[in-house]
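Here is the structure we will look at, set down as structure tokens.
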Amino acid sequence: MSADWPSPNYGPRRDGAVPELIIIHYTAMRSCDSARTRLCLPEAEVSAHWLIGRDGSVEQLVPEEMRAWHAGLGSWQGLGDVNSRSIGIELDNEGDRPFPEPLMAALEELLPQIMRRWAIAPENVIGHSDFAPERKIDPGPRFDWQRLARQGLAIWPERGTAAPVVDAESFLALASSLGYPEAPLATILPAFRLRFRPRHEGPLDAVDMALVADLAMRFGADGGAWRSS
């Protein structure tokens, strides 16, 4: 392993995989220094390719062509081993506060570089909570996905005027076409809202259906294969 990279916690990508996803995390630690220490600690067995401080500092911890250990269990687009398929970015945030402007500006500068290097589309820039909804909530409700989407660095729904029929099975099928893993509505709906409708609670409703239908039509597999009845 090269001494040029601060973290020793990486290995080769498996089965010839190349990065096709970018995963956004928050560190959930008090400081960037604390996060860096843990991400570089051999016995912690965790790492990420990039670490962005709340002051806008950007550090590469693992070479992008290698498999960092940031994702853990989960799946996206029906495939597991997300570590082998992704680039991981850790954001210096404890999870309960806004993301500072210097951090967001640095992320907005880094993301397009990674996306160009690996031909990663905006719909494949996702959160930890998207592919591991049963166990993760980062980057959380305070992260501004809409801001990234305005620059073509992520996706955001456009609410249609005609709300589809509210149906749990249809919602899950549309969410699956976007990439969400197979799981009960009680798992997928909160994850979807965390990303696209933060802080909204209650049962599945027409707004949820309109948002997921729009996203599936524009970004899902086969346009979400959805037709209104």
Convex hull projection area averaged over all views, the range 22-142, Cα basis, nm²: 7.1 nm²
Among Trp5, Met115, Ser47, pick out the residue whose Cα is farthest towards the positive end of the charge dipole of the chain, where Lys and Arg carry +1 and Asp and Glu carry -1 on C-beta, about the Cα centre. Met115
Nearest-20 debye value, the range 67-221 charge dipole, Cβ charges on Lys, Arg, Asp, Glu: 300 debye
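Length gain on complete extension for the stretch Asp222 to Leu79, per 0.36 nm per residue less the alpha carbon to alpha carbon distance?
Extra length available between Asp222 and Leu79 comes to 49.8 nm.
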How big is the equivalent ellipsoid of the range 60-108 along its three axes, where each semi-axis is √(5λ) from the Cα gyration tensor, reported in whole Å from largest to smallest? 24, 14, 10
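Using a 1.4 angstrom probe on heavy atoms only, work out the carbon and sulfur share of the accessible area of the chain in %.
Carbon-and-sulfur percentage of accessible area, whole number: 51.
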Please calculate how many Å² of accessible area the range 76-168 carries per residue, with a 1.4 Å probe and no DNA, RNA or ligand atoms counted. 45 Å²
Pseudo-spin-label distance Glu65 to Arg199, built 7 Å along Cα→Cβ, given in nm, is 4.6 nm
Restricting the range 1-70 to trypsin sites (Lys or Arg not before Pro) in coil, as DSSP defines it, with at most 13 other Cβ within 10 Å: Arg30
What nm value, rounded to one decimal, do you get for the distance between Ala173 and Asp33 when each label is placed 7 Å out toward the C-beta? 5.5 nm
Rounded to the nearest 5, what % of the DSSP beta bridges within the chain are antiparallel ones? 35 percent
Would you kindly give the portion of the calculated P(r) for the range 81-152 that falls above 17 Å, as a percent of all Cα pairs? 46 percent
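DSSP loop trypsin sites (Lys or Arg not before Pro) in the range 92-154 with at most 14 other Cβ atoms within 10 Å of their Cβ, which ones?
Values: sites: Arg116, Arg117, Arg135, Lys136, Arg142, Arg147, Arg150; in loops: Arg135, Lys136, Arg142.
Here the sparse-neighbourhood loop sites are Arg135, Arg142.
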Report the dimensions of the chain along its three principal axes from the alpha-carbon atoms, largest first, rounded to Å. 59, 38, 30
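The values are calculated or read from the model by the stated rules, or taken from the named source; none is laboratory data. These numbers were taken from a predicted model, which means no experiment stands behind them. Virtual Cβ from ideal backbone geometry, glycine too; neighbours counted across all protein chains shown. Just the protein is used for accessible areas: all its heavy atoms, side chains included, with ligands, DNA and RNA removed. Shrake-Rupley method; radii C 1.70, N 1.55, O 1.52, S 1.80 Å.
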